[in-house]
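**Q** Let me give you the structure first, and then I'll get to my questions.
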Amino acid sequence: MRKAKWVAAAAGVVMLVAGCGSEGGSDKGGSSSAGSTAGSSGGGSEAGGGLDGAAVTKEITAAATAAGFTEKTADDPVPAELKNCMVSWQADADKAADPKKSFDATTAALGEGGWKEGQKVDQSGSTVMSLTKSDWTVKASRHGMSGFQMVLFVATDNGAECEALFKADLEKNKKS
């Protein structure tokens with residue numbers, strides 16, 4: 001049940017990005033990762049072109065904590081079988097002095113670390129953007145309204161092995 005909720009939440013973030021259109025022909029981040037973001041597995045460094053889930057987690061954590069975020073502690077939303085293809089890192093935005101500034105600094109630090117910025121949408125107090133490196137795509141989102149802030153970084157390996165594992169996981173969840 002928890003997986004199904006997680007898949008729906010991750011897919012919602014991707015749909016928001018994909019549905020907002022593409023800037024500068026950077027559609028890869030929106031459409032090709034929609035399936036992968038919702039639940040890939042396996043893969044490791046081979047599928048990620050040298051990156052694996054642990055390396056991506058380390059890069060996101062380093063950039064986010066240097067920018068003033070702490071990770072929000074909660075149940076890990078990524079099922080164990082998907083760890084090599086997916087990373088979910090949620091900031092505790094309530095503890096950040098300025099969540100918007102910290103979000104911008106995090107994405108800038110990822111850019112300095114070799115992540116290439118793709119599409120970006122700023123609308124109604126929210127920012128959603130994609131960054132790519134190797135076969136990985138990070139969907140970075142910041143949503144804030146009426147004192148509520150949510151900052152989330154969801155990274156997925158878009159390689160063929162992870163895509164196949166995602167499809168298998170999706171089929172398994174349809175049956176349960």
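**Q** In region 114-130, which residue that is polar (S, T, N, Q) and surrounded by 19 or more Cβ atoms within 10 Å (Cβ to Cβ) is nearest to the chain's Cα centre (by Cα)?
**A** Selected residue: 130.
**Q** May I pose another question? Looking at region 49-67 only, could you name the residues that are open to solvent by less than 40 Å² (accessible area, probe 1.4 Å) and touching a residue at least 12 places away in the same chain (Cβ under 8 Å)?
**A** Result: 51, 53, 56, 60, 63, 64, 67.
**Q** Is region 81-97 home to any residue that is open to solvent by less than 60 Å² (accessible area, probe 1.4 Å), over 22 Å from residue 143 (Cβ atoms) and either assigned to a helix (DSSP H, G or I) or of a type in the set (Ser, Thr, Tyr) (or both)?
**A** The answer is yes, given that some residue of region 81-97 is open to solvent by less than 60 Å² (accessible area, probe 1.4 Å), over 22 Å from residue 143 (Cβ atoms) and either assigned to a helix (DSSP H, G or I) or of a type in the set (Ser, Thr, Tyr) (or both).
**Q** For region 68-96, what are the residues that are hydroxyl-bearing (Ser, Thr, Tyr), free of Cβ contacts under 8 Å to residues at least 24 places away in the same chain and in contact with a strand residue (DSSP E or B) (Cβ under 7 Å, 6 or more places away or on another chain)?
**A** Across region 68-96, there are no qualifying residues.
**Q** With in contact (Cβ under 8 Å) with a residue 40 or more places away in the chain, surrounded by fewer than 18 Cβ atoms within 10 Å (Cβ to Cβ) and either in contact with a Cys (Cβ under 7 Å, 6 or more places away or on another chain) or within 21 Å of residue 52 (Cα to Cα) (or both) as the only criterion, which of 167, 133, 100 stands out?
**A** 167
The values are calculated or read from the model by the stated rules, or taken from the named source; none is laboratory data. This structure is a prediction, so every number in the text was calculated from the model and none was measured. Using ideal geometry, Cβ is built from the backbone for each residue, glycine included, and neighbour counts are taken over all protein chains shown. Surface areas here come from the heavy atoms of the whole protein model, side chains and all, with no ligands, DNA or RNA. Shrake-Rupley method; radii C 1.70, N 1.55, O 1.52, S 1.80 Å.
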